[in-house]
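Trainee: Okay, here's the structure, questions in a sec.
The values are calculated or read from the model by the stated rules, or taken from the named source; none is laboratory data. Source: prediction; values computed, not measured. Here the Cβ positions follow ideal geometry from the backbone for every residue, glycine too, while neighbour counts run over all protein chains shown. Just so you know, the surface numbers come from the protein's heavy atoms only, side chains and all, with ligands and any DNA or RNA stripped out. Shrake-Rupley method; radii C 1.70, N 1.55, O 1.52, S 1.80 Å.
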Amino acid sequence: MLRVLAVDDEEPALAELLYLLRADPRVRAAEGATDANEALRRIGRALDAGGDDANAIDVLFLDIQMAGLTGLDVARLLAGFARPPMIVFVTAHEDFAVQAFDLKAVDYVLKPVRRERLAEAVRRVAEQAAVARPAVDLSADRIPVELGGVTRLVAVADIAYAEAQGDYARLHTADASHLVRVPLTTLEERWQPYGFVRIHRSHLVALHRIDELRLDGGGMSVRIGDAELAVSRRHASRVRELLMRRAGG
């Protein structure tokens, strides 16, 4: 699922491009910028936050002929970053294709943009993103996460609970959280041997990290550090049984 920033100083063209991008199921989010400076500010914030941040940018769909900095200028500036977003140029001019591909553009789409042609560009980006971000190895006792453009290995034993966020999961440790591209159902299946248990459709918790089990007005919750997480009725008896068994052991 791609996070896209589209950049065009002609607002009607930008609106049409965003409409087409948001209709593509491979695009998780698509936002727009109407000039290169605004785009660079957003990209800088995203790179500072790291690849697991909610506002991260995977790819730019970038016009070339813009007032001030051109799309080619933006691409040259980004080439100096360690992990810049991918670039697809979207332009009415054929003349810049050689320069665009010299700057490592993934694709070069001519205006007026056709839905089928844009879908092909998104496919190419998605394929390149899949190669750049290999599948997470959930069989290991450490999981790779991105932080500030650097990949770190977080020990599964340090994870207190995981929270569902669409097709992603946010992993919570004692002092940080990390977004990984893995559904919570997959983590539930793979991390059962590490003592993780589903307590709600939105939460998977490490049993040994639960500090308290609370009953209030017929509802149940668990406390893990400063977090209080609801336990759904579907999972309540299982959670209580496992905690009692653990206490007894």
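Trainee: Using only the C-alpha atoms of the range 163-249, find the volume of their convex hull and express it per residue in Å³.
Mentor: So the per-residue Cα hull volume is 98 Å³.
Trainee: Got a sec? What order do T186, T151, T91 fall in by accessible area at 1.4 Å, biggest, i.e. largest, first?
Mentor: Putting T186, T151, T91 in descending order of accessible area: T151, T186, T91.
Trainee: Let me ask something else. How do M244, M86 stack up against each other in accessible area, from largest to smallest, with a 1.4 angstrom probe?
Mentor: So, going from the largest accessible area down, we get M244, M86.
Trainee: Please give the net charge around H235, taking every other residue with its beta carbon less than 14 angstrom from that of H235, where Lys and Arg add +1 and Asp and Glu add -1.
Mentor: Around H235, the surrounding residues sum to +4.
Trainee: Would you please give the residues with an amide H less than 5 Å from that of A30, counting only those at least 5 places away or on a separate chain, with H modeled from the backbone geometry?
Mentor: V4
Trainee: Sticking with this structure for a sec: Heavy-atom accessible area of D167 with all protein chains present, probe 1.4 Å, nearest 10 Å²?
Mentor: Roughly 90 Å² of D167 is accessible to a 1.4 Å probe.
Trainee: On the first, second and third principal axes, largest extent first, how far apart are the outermost C-alpha atoms of the chain in Å?
Mentor: Over the chain, Cα extents along the principal axes are 74, 32, 27 Å.
Trainee: Just how many % of Cα pairs in the range 1-51 lie over 12 Å apart, if you round to the nearest whole percent?
Mentor: 63 percent
Trainee: Could you derive backbone 3J(HN,Hα) for the range 3-14 from the dihedral phi with the Karplus parameters 6.51, -1.76 and 1.60 (θ = phi - 60°), listing whole Hz in sequence and x where the residue is Gly or Pro?
Mentor: Once θ is set to phi - 60°, the couplings for the range 3-14 become 10, 10, 10, 9, 10, 7, 7, 9, 4, x, 5, 5 Hz.
Trainee: If you don't mind, another one. Loop-only GluC sites (Glu not before Pro) in the range 1-105, please: DSSP not H, G, I, E or B, and at most 10 other Cβ atoms within 10 Å.
Mentor: The qualifying sites are E94.
Trainee: Give the angle, between 0 and 90 degrees and rounded to the nearest 10, that separates the Cα long axis of helix 36-49 from the longest principal axis of the Cα atoms of the chain.
Mentor: In the chain, helix 36-49 runs at an angle near 30 degrees to the longest axis.
Trainee: While we're on this one: Tally Lys and Arg at +1 and Asp and Glu at -1 over the other residues with C-beta under 12 Å from the C-beta of K111: what net charge comes out?
Mentor: Net charge in that neighbourhood comes out at -3.
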